[in-house]
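Derivation of every value follows stated rules applied to the coordinates shown; laboratory data play no part. Model, not experiment: these values are computed from the prediction. Using ideal geometry, Cβ is built from the backbone for each residue, glycine included, and neighbour counts are taken over all protein chains shown.
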Amino acid sequence: MQSIDGIASFKGKDPSGAAISQSKEDRWLMDLLRAHADAVMVGRNTLVEEQASNRAGKRGPVFRIADPELQDLRRALGRGREINIIVSGEGGFDPSAYAVFDGERVDAVLLTTEKESRQLAALKTSHPQLRVVVAGKDKFVDLKFALSILRRDLGIRYLLCEGGPTLYGYMQRAGLIDEKFLTISPVEIGQIIPPEQEPGPGEVKEKDRLRPTTFNAPGFTRESAPWWTWLSCRKVGEHEFNRYRRRR
């Protein structure tokens, strides 16, 4: 999801993609993709920011299918219980603060590094349902290695990356994105946060002055930039729904 000018978040008190989307069709499409995927992957910042905005309750969101018919579709496809994979490599992350790790509505996996997994060792007793997958030593998760573990140990073949922009950017840098679903919302936002906007929780007013684009990682040169084949486009109201497949 992005605005006309490529922005993925207002930041401040409205950091989630829903603030840009405001489309029930986009929400339905997300459920459709979740129905077909073995698991949903998101970065820790997406989880933290949506919790901080308090739109999903004090203990944050659970990324699951809401539409009953699409829940039935998932069962018919034999996809099994929904799985949320949260990627966190920076340390200082407490899974017990988030409902997604309770194991009540989805199976949750924390994808992390050796450094952070040592900090989480004490949680194994209080949260026996917490599954930790270690891929990487220091600050960054080794995404290629991580996906090979997820396929080998959890049988995950179809993985839906729901962002945010940093996780998506590094997944793209690693060449791990095969198809891209892009919803363009009819709003123009601007990248520089206006002075009248109040900072959100965790934002420093003098430091965090730029809103993220949909690709928030080191980019490409002209020679290495990936190109895409445009598969389809649909118009619903003023929204544009695109599907692309990466050229290999």
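Take every Cα pair under 8 Å in segment 158-245 that's 6+ residues apart, average their separations, divide by the length, and report that relative contact order as a whole percent.
Working: 90 pairs, mean separation 35.7, N = 88.
Taking the mean separation of contacting Cα pairs over the length of segment 158-245, I get 41 percent.
Given springs between every Cα pair under 10 Å in a Gaussian network model of the chain, which of LYS235, LYS11, LYS144 has the largest fluctuation?
Of the options given, LYS235 has the highest mean-square fluctuation.
What does the charge count around SER3 come to, taking other residues whose C-beta lies under 14 Å from its C-beta (Lys +1, Arg +1, Asp -1, Glu -1)?
On the way: positive: LYS11, ARG211; negative: ASP5, ASP14, ASP26, GLU188, GLU238, GLU240.
The answer is -4.
Quick check on the chain: helices-only [θ] at 222 nm, where DSSP H runs of length 4 and up contribute -39,500 (n - 2.57) each and the sum goes over total residues. Nearest 500, please.
-7500 deg cm²/dmol
Rounded to the nearest 5, what is the percent of antiparallel bridges among the DSSP beta bridges in the chain?
On the way: 16 of 34 bridges.
Rounded to the nearest five, the antiparallel share is 45 percent.
Excluding ARG81 itself, what net charge comes from residues whose Cβ is under 15 Å from its Cβ, given Lys and Arg +1 and Asp and Glu -1?
On the way: positive: ARG34, ARG64, ARG74, ARG75, ARG79, ARG105, ARG131; negative: ASP38, ASP72, GLU82, ASP102, GLU104, ASP107.
Within the 15 Å Cβ shell, the charges total +1.
Based solely on C-alpha atoms, express the radius of gyration and the Dmax of segment 1-151 in angstrom.
Gyration radius and largest Cα-Cα distance of segment 1-151: 16.0, 47 Å.
With the chain treated as a Gaussian network of Cα nodes joined by springs under 10 Å, which of SER148, SER224, SER96 yields the largest mean-square fluctuation?
Taking springs between Cα atoms under 10 Å, the residue moving most is SER224.
Identify the GluC sites (Glu not before Pro) of segment 51-124 meeting these criteria: DSSP loop state and at most 10 other C-beta atoms within 10 Å of the C-beta.
GLU104
Are there chymotrypsin sites (Phe, Trp or Tyr not before Pro) in segment 149-188 that DSSP marks as loop and that have at most 13 other Cβ atoms within 10 Å, and which are they? Working shown, then result.
Numbers: sites: TYR158, TYR168, TYR170, PHE181; in loops: TYR158.
For chymotrypsin sites (Phe, Trp or Tyr not before Pro) across segment 149-188 that sit outside H, G, I, E and B with at most 13 neighbouring Cβ atoms in 10 Å, the list reads TYR158.
For segment 195-248, what relative contact order do you get, as a whole percent, if you take Cα pairs closer than 8 Å and at least 6 residues apart? Don't jump to the answer; show the numbers that get you there.
Values: 34 pairs, mean separation 12.7, N = 54.
Reported as a whole number, the value is 24 percent.
Taking the chain as a Gaussian network, where each spring joins two C-alpha atoms under 10 Å apart, which residue of ALA35, ALA225, ALA135 fluctuates the most?
Result: ALA225 has the largest fluctuation of those listed.
For ARG234 and LYS115 in one chain, what is 0.36 nm times their gap in residues minus the Cα-Cα distance, to one decimal in nm?
On the way: separation 119, 0.36 × 119 = 42.84 nm, distance 4.44 nm.
Stretched out fully, the ARG234 to LYS115 stretch lengthens by 38.4 nm.
Net charge near LEU110, counting Lys/Arg +1 and Asp/Glu -1 over other residues with Cβ under 10 Å of its Cβ? Don't skip to the answer; put the middle values down first.
Working: positive: ARG44, ARG131; negative: GLU116.
The answer is +1.
For segment 81-116, which trypsin sites (Lys or Arg not before Pro) pass both filters: DSSP loop (anything but H, G, I, E, B) and at most 15 other C-beta atoms within 10 Å? Provide the component values of the computation, followed by the final result.
Numbers: sites: ARG81, ARG105, LYS115; in loops: ARG81, ARG105.
Passing sites in segment 81-116 are ARG81, ARG105.
I need the shape label for segment 75-144. Rule: rounded when a/c is under 1.5, else prolate if a/b > b/c, else oblate, with a, b, c from the alpha carbon gyration tensor.
Working: a/c = 2.56, a/b = 1.44, b/c = 1.78.
In terms of gyration-tensor shape, oblate.
What number, in percent, do you get for the relative contact order of the chain if the mean sequence gap of Cα pairs under 8 Å and at least 6 apart is divided by its residue count? Can you show the working numbers first?
Working: 438 pairs, mean separation 61.4, N = 248.
Averaging sequence separation for qualifying contacts and normalising by length gives 25 percent for the chain.
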